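Okay, so here's the structure we're looking at.
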Amino acid sequence: MAPVTRSSTGVGFCSPSAQAEIAEHPGAASGKTSDTRRITLTVNGQQHELQVTANAVLLDVLREQLGLFGTKKGCDHGQCGACTIHVNGRSVNSCLMLACLQEGAEIVTIEGLAESAGFEQGHHPVQEAFLAHDAYQCGYCTAGQMMTAAAVIRDDSIDGDEASLREAMSGNICRCGAYKNILDAVQSARGKMRGGQ
Ligand code: FES
Ligand code: FES
């Protein structure tokens with residue numbers, strides 16, 4: 001399976017005007033420019049043709065056009081990890097990605113995590129572990145934490161010791177401070193998925 005890495009700076013721009021606009025309004029979604037593009041995205045295994053403005057960020061398109069509200073908007077600036085999804089097998093902050101640059105992308109959100117990993121029935125082991133270990137309080141950060149955790153677990157370059165997992169998960173902030181249980185959940189899911197290595 002392809003290694004998964006976080007790309008916190010996976011940002012490019014459609015045009016200089018879009019670049020200026022998103023720099024000024026990082027959370028800008030549809031409607032702030034008449035410059036639109038038609039793109040095709042595969043989201044959780046389903047293909048969608050979408051009309052997006054040049055400055056629309058992927059997070060807003062997923063939530064507002066596809067109704068996938070599991071992915072949360074926290075900081076909207078690439079700092080909290082609440083918006084983490086997988087794009088073409090890489091863990092990314094969707095608030096930092098322009099939708100118009102994702103033509104043909106394969107996207108997985110929390111709604112499709114289990115199925116994308118071959119767990120057609122029920123939950124992904126990470127989801128089961130978060131439940132079993134009470135790894136959330138308000139739950140706002142939880143989807144992003146789970147998406148990063150799933151990517152971290154399948155990344156062979158990340159060791160399973162506590163320090164390595166903490167470092168790998170450090171792009172996801174939990175304002176409730178549930179880190180102890182989150183780490184327990186990641187360790188537990190990692191053990192199950194990697195045969196207790
Ligand atoms: S909302 Fe994307 S990193 Fe915070
Ligand atoms: S559980 Fe509340 S922000 Fe993480």
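Where a number appears in this text, it was derived from the coordinates with a stated rule and is not lab data. Bear in mind the structure is a predicted one, so any value in this text is a computation, not a measurement. Cβ: placed from backbone, ideal geometry, glycine included. Neighbour counts: every protein chain shown.
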Radius 13 Å from Cβ of L113, net charge of other residues (Lys, Arg +1; Asp, Glu -1): -3
Summed side-chain charge close to Q51 - residues other than Q51 whose Cβ falls under 13 Å, Lys, Arg +1, Asp, Glu -1: -2
Sparsely packed trypsin sites (Lys or Arg not before Pro) within the range 111-197, loop by DSSP, other Cβ within 10 Å at most 12: R175, R194
Rounded FRET efficiency, nearest 0.05, which uses the C-beta distance separating K180 from S157 and R0 of 25 Å: 0.50
Estimated translational D of the range 36-195 in µm²/s (Stokes, Kirkwood radius over Cα pairs; 10 °C; 1.306 mPa s): 100
